[in-house]
Structures are given as structure tokens and as C-alpha cells.
Amino acid sequence: MGAKYLIIISSGTSDATKVHVGVTNGFALLAGDPTNKVDFVLMAEGGWVADDKTMRQIGAFGLPAMSALLDKPEMCDPERVTWTV
């Protein structure tokens, strides 16, 4: 049985790189072990990126495209990923 991780994202559009890094790390945990689970919590300024369209527009230099990460099968599995605002 894999591990369960909690990633708290408290930055928003004013520091979108931190949001992108959080999502990228969550994806890496999911891709690294198919039994891992990740809970993302968007709080404080992170609430600004709760909208899917806003989240997909985030892009940090050197990281995979946010829309590509969000569309990966691992990130779309409700048994392994939750999003809370």
C-alpha cells in the first residue's frame, strides 16, 4: 500500500510558480508509485486558482505545462487525487 500525501497550496496568481511546483510535485508522487494518494488543499491565496481555467493558464519556466499535468490519467483518478478549497 502506498502513502498518502497532503499538499497545501497557499499561493495564488501573484506567485503562480509556487502553485505550479506544488502540482508538479503532487504529480511526481502519483507517477512514482501507482498506490500513492495525494490530497491538494487550496487555501488563502490558493483559492484564486481553484477555477480550472485559471489553473491551466499557470506556467512556470522549466516545468511541464500545467494543462498537460492536469490531464494525466494519474491526476484525473478520484480514487487517488482530491482537491479541496
Q) What is the number of the single condition among (1) among the acidic types (Asp, Glu); (2) part of a helix (DSSP H, G or I); (3) open to solvent by 80 Å² or more (accessible area, probe 1.4 Å) that Glu79 does not meet? A) (2)
Q: Go through (1) more than 12 Å from the chain's Cα centre (by Cα); (2) more than 30 Å from Met1 (Cα to Cα); (3) touching a residue at least 12 places away in the same chain (Cβ under 8 Å) and name the single condition Met43 misses.
A: (2)
Q: Scan region 13-22 and give yes if some residue there is small (Gly, Ala, Ser), open to solvent by less than 50 Å² (accessible area, probe 1.4 Å), modelled with pLDDT under 95 and not in a helix (DSSP H, G or I), otherwise no.
A: no
Q: Give the residues of region 44-56 that are part of a loop (DSSP other than H, G, I, E, B) and surrounded by 13 or more Cβ atoms within 10 Å (Cβ to Cβ), sorted by residue number.
A: Ala50
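The values are calculated or read from the model by the stated rules, or taken from the named source; none is laboratory data. Here the structure is a predicted model, which is why all the values come from computation and not from measurement. Cβ: placed from backbone, ideal geometry, glycine included. Neighbour counts: every protein chain shown. Only protein heavy atoms, including side chains, enter the accessible area calculation; ligands, DNA and RNA are left aside. Shrake-Rupley method; radii C 1.70, N 1.55, O 1.52, S 1.80 Å.
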